[in-house]
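> The structure follows.
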């Protein structure tokens with residue numbers, strides 16, 4: 001019995017986001033009949049797939065102690081790449097964005113690790129470059145691909161009543177979770193994020209680990225892009241505007257520390273769900289988009305504050 | 001000895017030389033470049049973000065950064081137009097105060113709550129953008145007062161008002177930075193915050209001053225821009241943070257903190273202005289300008305990091 005109290009309080013502290021999420025689900029279901037419908041929950045899942053997949057990659061980058069601000073404009077550019085190639089060949093429409101994503105990730109990783117540059121500044125540069133290229137390719141216009149092929153099955157099809165892309169999200173989350181928590185690489189990611197110098201002395205190569213994390217981040221963007229282009233069969237050069245903040249907000253709200261070294265895909269899932277649920281209820285109550293942005297800003301600052309306070313208490 | 005002195009002098013002034021070389025090339029290749037009208041146009045185009053670059057220079061010297069400047073500029077612009085019914089002056093002051101308010105919030109978050117400035121100002125950037133969109137209901141707001149337009153559209157001896165304000169601010173802030181006690185504190189805190197605290201410098205106050213100054217300048221830039229366009233919307237300043245940070249680093253102010261000058265930041269923004277002007281003259285797409293700006297930012301921080309590393313090994 002003496003064990004219960006500390007266990008309970010640790011659990012409350014560790015999993016506070018889960019409890020907040022459950023609490024919100026109960027409250028929202030109680031106050032809104034529209035919220036508690038099956039259709040709305042499926043809708044909710046639909047809305048989170050793209051950001052959910054991107055957030056998985058972002059989690060990796062954040063745990064290594066970096067940030068990737070280029071995911072939004074990478075999303076826009078890769079979307080165009082996907083649609084341009086999909087016009088001739090569905091397989092290329094999937095393969096080309098994936099390959100382009102590897103190039104983008106390697107570029108980010110190289111700049112950040114080779115020259116020891118603050119990742120925010122470096123990826124801010126990449127953000128501008130990719131967004132400029134995307135706008136240049138189509139001169140700002142929206143382009144569309146071929147419809148009526150099997151390409152649409154990923155974003156449009158259903159299996160057992162659940163949209164196919166939800167399965168993609170679950171698969172990606174499972175893969176990232178296993179990589180992060182069950183492999184040597186995953187452990188290296190955490191060591192490098194905790195103390196890169198110590199990790200290097202211990203024989204790891206922080207530069208390689210971080211570069212891999214950046215590649216994984218843009219790869220997850222390419223998966224999100226395929227879901228998106230498959231659903232829409234169109235691509236806009238500004239499709240991913242602001243996705244970087246949505247992904248970072250989700251990861252940070254989930255409880256992964258911006259300082260690096262700690263975090264999990266499970267936390268990110270909760271963060272994504274938490275954010276989507278709040279946005280969902282605000283939309284149901286017809287709260288304008290602008291207030292959602294205010295709320296996101298407040299949430300980011302609060303989450304960082306909570307994280308920093310927890311770490312300071314840990315130090316004392 | 002002389003050649004090495006010459007070399008380091010050349011290296012010190014590399015941005016100035018770059019500006020000079022580019023200007024000579026452009027004057028020879030285009031008859032339009034070296035005209036009074038074009039030169040004032042370049043200065044007018046850089047004056048708004050140039051004001052913000054002054055504040056960003058202070059912040060980078062003191063060892064911090066502000067990603068929210070674009071949102072603050074939009075906030076200032078929108079407030080100055082929305083408060084016009086109460087008078088031009090009220091609109092202007094409200095716009096500037098709006099910038100000052102969130103500059104102060106940034107400063108408090110970074111110093112009192114001790115959040116990293118990149119993360120804190122990222123949050124404030126998203127938040128203020130939401131506030132701006134809420135105020136405007138996601139529309140463009142139009143100016144209603146003819147007097148307000150005069151603020152930016154008046155010319156003195158053919159020089160537009162924003163340019164004059166910009167140059168005055170450059171001089172004032174350069175004097176503060178180089179000649180005042182506050183300026184010396186900024187250098188000291190940026191060079192070594194812990195040591196300066198031991199010497200009795202109130203590091204928090206120094207940093208808050210830099211954040212508030214940046215908020216003030218961003219608000220003012222927003223007011224001047226709104227007056228020039230006679231409209232404002234939440235889309236103002238979308239990429240201002242990238243542009244301003246690029247300019248300051250391009251000017252040769254190191255991310256390491258502790259050194260730099262306002263004049264350097266001016267050189268950086270001037271070079272960006274000339275490059276953009278050249279692209280307009282050569283009819284290159286604005287999208288290419290965005291690409292070049294991003295590439296320049298990366299190029300500059302890479303050069304900066306290489307030179308920091310070299311200094312350490314010396």
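The values are calculated or read from the model by the stated rules, or taken from the named source; none is laboratory data. Keep in mind it's a predicted model, so treat the numbers as computed, not measured. Counting neighbours? That spans all protein chains shown, and the Cβs are built from the backbone with ideal geometry, glycine included.
> May I ask you to verify whether residue B:272 is modelled with pLDDT under 85, in a helix (DSSP H, G or I) and buried (at least 24 other Cβ atoms within 10 Å of the Cβ)?
Numbers: modelled with pLDDT under 85: no; in a helix (DSSP H, G or I): yes; buried (at least 24 other Cβ atoms within 10 Å of the Cβ): yes.
It is false that residue B:272 is modelled with pLDDT under 85, in a helix (DSSP H, G or I) and buried (at least 24 other Cβ atoms within 10 Å of the Cβ).
> How do the pairs read when you match residues in segment A:26-40 that are under 13 Å from residue A:277 (Cα atoms) with residues anywhere that are modelled with pLDDT of 85 or more and not in a helix (DSSP H, G or I), using Cβ under 9 Å and keeping only pairs 6 or more apart or on different chains?
Once the first residue is under 13 Å from residue A:277 (Cα atoms) and sits in segment A:26-40, no partner that is modelled with pLDDT of 85 or more and not in a helix (DSSP H, G or I) comes close enough.
> So, one more: Looking only at segment B:123-130, decide whether some residue is within 11 Å of chain A (Cβ to nearest Cβ) and assigned to a loop (DSSP other than H, G, I, E, B).
First pass over segment B:123-130, keeping only residues within 11 Å of chain A (Cβ to nearest Cβ): B:123-130.
From what's left, assigned to a loop (DSSP other than H, G, I, E, B): none.
No, segment B:123-130 contains no residue that is within 11 Å of chain A (Cβ to nearest Cβ) and assigned to a loop (DSSP other than H, G, I, E, B).
Quick grid of which residues meet (1) within 18 Å of the chain's Cα centre (by Cα); (2) surrounded by 21 or more Cβ atoms within 10 Å (Cβ to Cβ); (3) touching a residue at least 60 places away in the same chain (Cβ under 8 Å):
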{"residue": "B:199", "(1), (2), (3)": "no, no, no"}
{"residue": "B:230", "(1), (2), (3)": "no, no, yes"}
{"residue": "B:246", "(1), (2), (3)": "yes, yes, no"}
{"residue": "B:283", "(1), (2), (3)": "no, no, no"}
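> Would you mention how many residues in segment A:262-316 are surrounded by fewer than 15 Cβ atoms within 10 Å (Cβ to Cβ) and on the phi > 0 side of the Ramachandran plot?
1
> Restricting to segment A:150-166, name every residue that is more than 16 Å from the chain's Cα centre (by Cα) and assigned to a helix (DSSP H, G or I). Even if it seems obvious, please write down each step before you answer.
Pass one, segment A:150-166, residues more than 16 Å from the chain's Cα centre (by Cα): A:150-164.
Within segment A:150-166, A:150, A:151, A:152, A:153, A:154, A:155, A:156, A:164 meet the criteria.
> For segment A:59-80, check the following and say yes or no: at least one residue is in contact (Cβ under 8 Å) with a residue 40 or more places away in the chain and touching a strand residue (DSSP E or B) at 6+ places or on another chain (Cβ under 7 Å). It would help to see each step written out before you state the result.
Taking segment A:59-80 first, the residues in contact (Cβ under 8 Å) with a residue 40 or more places away in the chain are A:59-80.
Cutting the leftovers down to touching a strand residue (DSSP E or B) at 6+ places or on another chain (Cβ under 7 Å) gives us A:79-80.
There is at least one residue in segment A:59-80 that is in contact (Cβ under 8 Å) with a residue 40 or more places away in the chain and touching a strand residue (DSSP E or B) at 6+ places or on another chain (Cβ under 7 Å).
> For residue B:253, only one of the following conditions fails: (1) more than 18 Å from residue B:121 (Cα to Cα); (2) assigned to a loop (DSSP other than H, G, I, E, B); (3) more than 14 Å from chain A (Cβ to nearest Cβ). What is its number?
With respect to (1) more than 18 Å from residue B:121 (Cα to Cα); (2) assigned to a loop (DSSP other than H, G, I, E, B); (3) more than 14 Å from chain A (Cβ to nearest Cβ), residue B:253 is out only on (3).
> For segment B:1-80, which fully contained helices (runs of 4 or more DSSP H) count at least 1 residues that are surrounded by 15 or more Cβ atoms within 10 Å (Cβ to Cβ) and touching a strand residue (DSSP E or B) at 6+ places or on another chain (Cβ under 6 Å)? Lay out the reasoning, then the answer.
On the way: elements: B:2-12, B:14-29, B:36-61.
Of the helices (runs of 4 or more DSSP H) lying wholly inside segment B:1-80, those with at least 1 residues that are surrounded by 15 or more Cβ atoms within 10 Å (Cβ to Cβ) and touching a strand residue (DSSP E or B) at 6+ places or on another chain (Cβ under 6 Å) span B:36-61.
> Restricting to helices (runs of 4 or more DSSP H) lying wholly in segment A:50-149: which have 3 or more residues that are facing chain B (nearest Cβ under 10 Å)? Can you show your working first?
Details: elements: A:71-86, A:90-114, A:119-138.
Helices (runs of 4 or more DSSP H) meeting the threshold: A:90-114, A:119-138.
> When segment A:255-298 is examined, which residues are found to be part of a helix (DSSP H, G or I), over 16 Å from the mean Cα position of the chain (by Cα) and within 9 Å of chain B (Cβ to nearest Cβ)?
A:289, A:290, A:291, A:292, A:293, A:294, A:295, A:297, A:298
> Based on what the data block shows, is residue B:304 surrounded by fewer than 19 Cβ atoms within 10 Å (Cβ to Cβ) and on the phi < 0 side of the Ramachandran plot? Can you show your working first?
Numbers: surrounded by fewer than 19 Cβ atoms within 10 Å (Cβ to Cβ): no; on the phi < 0 side of the Ramachandran plot: yes.
Criteria not met by residue B:304.
> Among the helices (runs of 4 or more DSSP H) contained in segment A:176-238, which hold 1 or more residues that are crowded, with 23+ Cβ neighbours inside 10 Å? Quick ask: steps written out before the conclusion?
On the way: elements: A:184-194, A:196-201, A:206-232.
Passing ranges, in order: A:184-194, A:206-232.
> Another one. Could you please find all residues in segment B:107-122 being in contact (Cβ under 8 Å) with a residue 40 or more places away in the chain and either in a helix (DSSP H, G or I) or away from chain A (no Cβ under 14 Å) (or both)? Break it down into steps so the answer makes sense when it comes.
Of segment B:107-122, the ones in contact (Cβ under 8 Å) with a residue 40 or more places away in the chain are B:107-108, B:110-112, B:117-118, B:121-122.
Passing the criteria: B:107, B:108, B:110, B:111, B:117, B:118, B:121, B:122.
Residue-wise test of (1) modelled with pLDDT of 90 or more; (2) out of contact with any helix residue (DSSP H, G or I) (no Cβ under 8 Å at 6 or more places or on another chain).
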| site | (1), (2) |
| --- | --- |
| A:4 | no, yes |
| A:7 | no, yes |
| A:19 | no, no |
| A:27 | no, yes |
| A:55 | yes, no |
| A:65 | no, no |
| A:74 | yes, no |
| A:79 | yes, no |
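> Go through the residues of segment B:147-168 one by one and say whether even a single one is under 27 Å from residue A:306 (Cα atoms), in a loop (DSSP other than H, G, I, E, B) and either more than 14 Å from every other protein chain (Cβ to nearest Cβ) or in contact with a strand residue (DSSP E or B) (Cβ under 6 Å, 6 or more places away or on another chain) (or both).
no
> Right, something else. Going through B:245, B:298, B:308, B:284 one at a time, which residue ends up being within 14 Å of another protein chain (Cβ to nearest Cβ), farther than 30 Å from residue B:179 by Cβ and part of a helix (DSSP H, G or I)?
Working: B:245 fails: farther than 30 Å from residue B:179 by Cβ; B:308 fails: farther than 30 Å from residue B:179 by Cβ; B:284 fails: part of a helix (DSSP H, G or I).
From the options B:245, B:298, B:308, B:284, the qualifying one is B:298.
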